[in-house]
1. Only counting other Cβ atoms within 10 Å, I'd like Val380, Val235 sorted with the fewest neighbours first.
2. log₁₀ I(q)/I(0) of the chain at q = 0.11 Å⁻¹, via Debye over equal Cα point scatterers, no solvent, to two decimals?
3. Which entries in the list Lys141/Lys417; Lys285/Lys409; Lys26/Lys417; Lys141/Lys285; Lys22/Lys445; Lys283/Lys417 go over 27 Å, if you measure between the two C-alpha atoms of each?
4. Taking just the alpha-carbon atoms of region 100-169, what radius of gyration and Dmax come out, in angstrom?
5. For region 1-138, state the semi-axes of the equivalent ellipsoid (square roots of 5 times the eigenvalues of the alpha-carbon gyration tensor), sorted largest first and rounded to whole angstrom.
6. Is the C-alpha gyration tensor of region 375-445 telling us rounded, prolate or oblate? Criteria: a/c under 1.5 is rounded; beyond that, a/b larger than b/c is prolate, otherwise oblate.
7. What number, rounded to the nearest 500 deg cm²/dmol, is the helix-based mean residue ellipticity at 222 nm of the chain, given -39500 (n - 2.57) per DSSP H run of at least four residues and division by all its residues?
8. Can you give me the convex hull volume of the Cα atoms of region 87-269, divided per residue and expressed in Å³?
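Readers should treat all values here as calculations from the given coordinates under stated rules, not as data from a laboratory. Everything quoted here is computed from the prediction, not taken from an experiment. Quick reminder, even Gly has a Cβ in these numbers, built from the backbone with ideal geometry, and neighbours come from all protein chains shown.
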Amino acid sequence: MSSAFIYLAYLVAAVCFVLGIKNMTKPRTAVRGNRISSIGMLIAVVVTLFDQQILSYEWIIAGMVTGGAIGALFATRVQMTSMPQMVAALNGFGGGASLFVALANFMDPVSATTLVAQISVGITILIGAVTLSGSFVAFGKLQEIISGNSIAVPGNTFINGALVVVALGLVGYLVVAPSPELVYVLIGVALILGLTLVLPIGGADMPVVIALLNSYSGIAAATAGFISNNTVLIVSGALVGASGLILTQIMCKAMNRSLTNVLFGKMAEGGETIDADEVYQGKVKSSSPEEVAMLLETAERVVIVPGFGLAMAQAQHAVRELADVLEARGTDVQYAIHPVAGRMPGHMNVLLAEAEVPYEKLVEMDTINPQFEQTDVAIVIGANDVTNPMAREDKGSPIYGMPILNVDKARTVVVVKRSLSPGFAGLPNPLFAMDNSLMLFGDGKKAIVDLTASLNEAD
């Protein structure tokens, strides 16, 4: 196969990746973007297999069949509620794959002979191992295998700084004096660094962590491309790394965090413990689907605020049916989307797109916030931390300064929730005790279905 054809095929694959990412920025075109990207990857893999003049395809075919079967199983079995864990695990697998590519090239005496390749080996091992261990800590937190709260590591900032310095020193020394023993030490240091970076991060900050680890996996893939001299791997890895960093910055802004603190795992440091009884005692008003339906009968404008509780209850289809009934009555219905609602970037967009909610109905936080004062009823479904007024008013709160959805400004707020339990940040929400708030306790899906039925009976 001629080099001109190979580079042309790689160019086509790279264009597919760019178009795929562009299409995945909107729920309406996300499926098409995923398909375009998949076609680009198929072209890249096939051309690479021919380009490298592989003599035996048995292991490659076995890997493709096994990986394809596992991927198909996950795609059909993993629920939307578990998608954040899935993304975290895939980030880890991506980092691990780059790590083993670098390790294999280091062990092969005829590979990675140039200075660029040797430097890339060390950097890939470092970033790949950090991504691997960090991603599976994130997976454990999201899956509740380990505590989702911040796990304090004494002297965390100093330890992380020291580990980074040691790891970079080992990368440099490997270029000067390659040694298998040093490689294993570097892997160990990088794995520990991944643990110490992510363990102190509380669950409420997981969208930022997932975006950052996604970027790490892309950077590791790009540096692995320099090792194997594979142009398309460099391009695709750079695209993932750059888009991940941009998304991380967006998430940081939405959480009022600095990127420096994210990189050193210094996030969501707690303030004083807040007594939930003091916040809620004697102030919470419980309601029923019939009472809420009476409110909605006369409402001209309704804003639905989805959160992780909606995902847990798999209530997205029930919510869309409620919105359909309201719109048939002439009510203006919109959905308020916080950038970090849920457990991963874009979680709510994906859920609502699955329920075929029109994309134009999804309104971003900055646009919807000024409109809450003209909203008759705001229905909050499982969204806790992103609607917590403490972020605006309580300077001692760990989430103080985080931009939130100003649902408390609506004329009436209906909160659909199983109980008064705190969100992932572990904080009570004064919204639940406000004069204009009503609590509709119960399973999110059942509560919305009952509400829709009550509304239909009123006709």
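1. Going from least to most buried by this count: Val235, Val380.
2. -0.91
3. Lys26/Lys417; Lys141/Lys285; Lys22/Lys445
4. 16.0, 47
5. Whole-Å semi-axes of the equivalent ellipsoid: 27, 22, 16.
6. Taking the square roots of the gyration eigenvalues as a ≥ b ≥ c, region 375-445 is oblate.
7. -19500 deg cm²/dmol
8. It is 99 Å³ per residue.
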